[in-house]
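Worksheet: the structure to be examined is printed underneath.
None of the figures in this text is laboratory data; all of them are computed from the coordinates on show. As the structure is a computational prediction, the values presented were derived from the model and not from experiment. Note that each Cβ is placed from the backbone with ideal geometry, even for glycine, and that neighbours are counted across all protein chains shown.
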Amino acid sequence: MTAENDIELPIRQVRRSAVFIACVLLCALVWARMAPLTTTLEVSGVLAANATSAKVQATEFGSVQEVFAGNFDVVKAGDILAKLDDGALHTERFVASKRRDDLTIEGALIAHELHGTPIDADLDFSPGITSAFQAARAFHEDRISGLRAQADLSELRFWQLDEQVQVAKDRVVIASDRASDLGQLRASGIGTSLAFTDAALDELELAQELSRLESDRSQARETKEKAELEIQAEKSARRSDLATRFAEIEVEVAQLKERLAQLEARSDGLVLLAPRDGELSEWSLSPFETVSPGDVVGQVTGALGPMHIALNIAPDLIDQVSVGQQGIVTFSTLPQRSMPRVAVTLASKAQVSHLEPGADVPTYSAIASFNESEFSKLSDALSGNYYLALDVPVTVILEGREMTAWSYVFDPLISAFRRAAQD
């Protein structure tokens, strides 16, 4: 019994140890799968400065008329450096402006005739436009006057014929009564057939005359109505033509205004201006020299601009870097204990990698910018033995993505197997 107990005791201890180890491994596995770990990325770079020079570039084709500056002159942004000949542009602008003014005058005359709109007294009326419009209007009014006279004459003719018709009707009635009386006398044997025949012929002639007069009266009425319809048609056609012309004028005036704005913008390009404050260099313009759009004729160099950090990021880290990511910069050439922790922000990153001279692996370019207060804090902390200069090597420690211990260990293995499978 004692021997059996001595055997069971180690077995129980082994089981308890196995259960304990399994529980520890299970807890570690759960922790590895769920507990977040914040990683950091170290990216190397150098101090750089924003662009300190700007090109003086021609935007229009032309010949240099005047030069107002020379090499090494100190200029301010907006100073006129040179002026190009604007003769052709001036002519084109004058023609477009004259056409716009003429159309504006014509539109004012049309609006006055159509709607009674008062004409602006400040308009400079062109004799050619005014006389042409007045000639067209006079022709229209003469046409209306002729048709009105024709209608009035036809109306007068109608009333004259109407009076003649009334007289002819009375004469026909009289002739008809006379022929009827003579017919009765002949039937009774008192009258003669010759008298009756003459009376019947007179009645027939008078009836024919009445018919002719009524026909002429109807024709006079038709002529009057036709003339009045032609007057209305002439007025409608005039108004329609004016409305159509007014719409065409509005469209053309809008196009001319746009064209004049373009010419005005082009005229600005005929004056070469200093793009920024600084010193003019590489200035090569002289009078009567011809320049084309895009020609660089000099540059203006200013003082050193604000500093930033130019970074080179390895391809395996580029997916963990994003614009707006925060980081801390350290300077290997400065004393670390006395230097404050300076925060930077990733301002941009390139989408395409490039190969630096002398490097074996392509990298991605990125820019990290200083906060003004942080940069001031760094500048204030520097003693007289230290200063910031361009191309000083730095290291930026960026906050990486949150990972678990599981993904930290196994994600690289999974990625390696996946790349191997793709290959």
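I'd like to compare 215-225, 53-63: which one has the highest average count of other Cβ atoms within 10 Å, and what's the full order after that?
Working: 215-225: 15.5, 53-63: 17.1.
The peptides rank, most packed first, as 53-63, 215-225.
Have a look at Thr117, Leu81, Ala135 and report the one farthest towards the positive end of the charge dipole of region 80-225, computed about the Cα centre with Cβ charges (Lys/Arg +1, Asp/Glu -1).
Leu81
Cross-link candidates for Lys235: which lysines have Cα within less than 26 Å, leaving aside residues fewer than 8 places away along the same chain?
Cα-Cα hits under 26 Å: Lys224, Lys226.
Around Leu378, what is the net charge, scoring Lys/Arg as +1 and Asp/Glu as -1 over all other residues with Cβ under 12 Å from its Cβ? Walk me through the intermediate numbers first.
Values: positive: Arg341, Lys377; negative: Glu372, Glu374, Asp380.
For residues surrounding Leu378, the net value is -1.
Divide, for region 224-335, the radius of gyration over alpha carbons by 2.2 N^0.38 Å, where N is the residue count.
Details: Rg = 33.1 Å, N = 112, 2.2 N^0.38 = 13.2 Å.
Taking the Cα Rg and dividing by 2.2 N^0.38 Å, one obtains 2.50.
For the pair Ile174 and Ala314, how long in nm is the line joining their label points, each one 7 Å along Cα→Cβ?
Distance between the two pseudo-spin positions: 13.6 nm.
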